[in-house]
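Undergrad: Have a look at this one before I ask anything.
Values quoted throughout were computed directly from the atomic coordinates according to the rules given, and no laboratory measurement underlies them. Everything quoted here is computed from the prediction, not taken from an experiment. Here the Cβ positions follow ideal geometry from the backbone for every residue, glycine too, while neighbour counts run over all protein chains shown.
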Amino acid sequence: MKRFTNKVAVVTGGSTGIGRACAQEFAAEGAAVVIADVNEEQGEALALALVAEGGQALFQHTDVAQEESVARMAEAAGERFGGIDILVNSAAIQSYGSVVTTNEDTWDRTIDVNLKGIYLASRFCIPSMALRGGGSVVSIASVQGIMSQPDVAAYAATKGAIIAMTRTMALDHAGAGVRVNALSPGSIDTPMLRHSAELFFPDAVAETVESWGDLHPLGRVGQPREIARVVLFLSSDDASFMTGANVVVDGGLSIGLFSPSQD
Ligand SMILES: NC(=O)c1ccc[n+]([C@@H]2O[C@H](COP(=O)([O-])OP(=O)(O)OC[C@H]3O[C@@H](n4cnc5c(N)ncnc54)[C@H](O)[C@@H]3O)[C@@H](O)[C@H]2O)c1
């Protein structure tokens with residue numbers, strides 16, 4: 001028996017980056033995986049690849065900001081795999097700007113995808129977990145929920161809110177056996193991070209990612225799998241007494257005033 005045999009894991013944002021690594025790791029450990037994402041091309045290809053490797057996977061086109069879309073996704077998970085045990089909220093968008101320079105559409109879309117998306121996915125997945133005797137929700141927040149940088153007003157607001165919402169969700173659903181935790185990564189080498197590097201330094205993406213790595217005491221950015229392994233731990237019985245936590249996985253980024261790797 002693998003660790004997640006007979007478990008059904010929904011991963012929002014599962015087509016790329018951290019979500020993708022979670023989908024791959026869950027499938028490798030026996031879970032049936034629902035990849036819920038707007039990126040159809042990469043999501044479909046991933047689901048096919050996981051099935052070809054002997055796993056169980058379904059891609060379901062899902063916009064986490066749209067109630068009907070999320071409801072359909074949870075329904076599809078139930079129809080195909082019989083219910084839901086695990087939810088990983090990884091879907092998000094990065095936006096830049098202060099409160100003065102962020103326009104209302106960007107503000108609203110950032111809040112809708114990053115925060116309302118977690119509310120909607122949780123709303124439609126937790127009842128199934130409760131019916132099955134319990135489950136786990138892991139929401140990917142960020143170190144930007146506990147420390148800050150300039151010009152990320154909307155994004156940082158969502159990440160701080162996720163950590164607060166995790167606590168209240170943990171209290172609300174503990175009685176049903178549903179554990180709810182947040183995970184706050186430092187810089188992780190994903191399309192989102194590379195897109196940010198490209199935005200500011202289009203001619204030096206690799207160098208920029210490397211220099212961001214230098215800000216972390218471990219001297220590098222993280223890899224998506226290094227987040228996924230902790231997500232799987234939090235979703236497993238090994239974390240059976242953990243709920244309401246914000247687990248920081250950041251190569252030490254948030255612990256010091258300067259990084260030894262910058263010496
Ligand atoms: N990469 C980092 O350095 C870093 C650091 C801290 C936190 N995070 C967080 O980790 C999570 C994953 O980020 P990532 O770096 O893997 O980014 P990513 O851009 O590689 O992946 C995000 C995924 O979400 C999907 N998505 C976007 N909008 C969606 C929507 N409306 N509905 C459904 N899916 C949608 C995208 O298609 C994509 O597949 C995010 O919550 C992000 O904020 C990332």
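Undergrad: Would you mind putting 44-53, 23-32, 223-232, 65-74 in packing order, based on average other-beta-carbon counts within 10 Å, highest first?
TA: Per-residue mean Cβ counts within 10 Å order the peptides as 23-32, 223-232, 65-74, 44-53.
Undergrad: For the chain, what's the relative contact order in percent, using C-alpha pairs closer than 8 Å and at least 6 residues apart?
TA: Once divided by the residue count of the chain, the mean separation gives 18 percent.
Undergrad: Give me the lysines in straight-line cross-link reach of Lys116: C-alpha distance below 24 Å, same-chain residues under 8 apart excluded.
TA: Counting by Cα, and skipping residues close in sequence, Lys116 has these lysines nearby: Lys159.
Undergrad: For the chain, what is the calculated [θ] at 222 nm in deg cm²/dmol (nearest 500), taking -39500 (n - 2.57) for each run of four or more DSSP H residues and dividing by its residue count?
TA: -14000 deg cm²/dmol
Undergrad: Right, another one. Grab the Cα-Cα distance for Arg123 and Glu210, subtract it from 0.36 nm times how many residues apart they are, and report the gain in nm with one decimal.
TA: Going from the current span to full extension adds 27.5 nm.
Undergrad: Next up: Based on other C-beta atoms within 10 Å, arrange Ser98, Ser187 from fewest to most.
TA: Ser98, Ser187
Undergrad: Quick one: give the max-minus-min coordinate of the C-alpha atoms of the chain along each principal axis, largest first, in Å.
TA: 51, 38, 38 Å, listed from the longest principal axis down.
Undergrad: Additional query: Applying a 10 Å radius around every beta-carbon, put 88-94, 99-105, 214-220 in order of their mean neighbour count, most first.
TA: 88-94, 214-220, 99-105
Undergrad: For region 153-263, with only Lys/Arg (+1) and Asp/Glu (-1) charged at the beta-carbon, what is the dipole magnitude about the Cα centre, in debye rounded to 20?
TA: Dipole magnitude for region 153-263 comes out near 440 debye.
Undergrad: Over all directions, what mean area does the Cα convex hull of region 10-89 project, stated in square nanometres?
TA: The directionally averaged projection comes out at 4.4 nm².
Undergrad: Set Lys and Arg Cβ to +1 and Asp and Glu Cβ to -1, take the dipole of the chain about its Cα centre, and tell me which of Ala9, His216, Asn114 lies farthest positive.
TA: Ala9
Undergrad: Ok, one more. If you plug each phi of region 36-43 into the Karplus form 6.51 cos²θ - 1.76 cosθ + 1.60 with θ = phi - 60°, what whole-Hz ³J(HN,Hα) values come out, in order, with x for Gly and Pro?
TA: Those phi angles translate into 10, 7, 7, 7, 5, 4, 6, x Hz.
Undergrad: What is the angle, in °, between the Cα long axis of helix 191-200 and the longest principal axis of the Cα atoms in the chain? Nearest 10 is fine, range 0 to 90.
TA: Tilt relative to the chain: about 20 degrees.
Undergrad: Plugging the Kirkwood radius over Cα pairs into Stokes-Einstein for region 136-239, at a temperature of 25 °C and a viscosity of 0.890 mPa s, what D comes out in µm²/s?
TA: D = 162 µm²/s.
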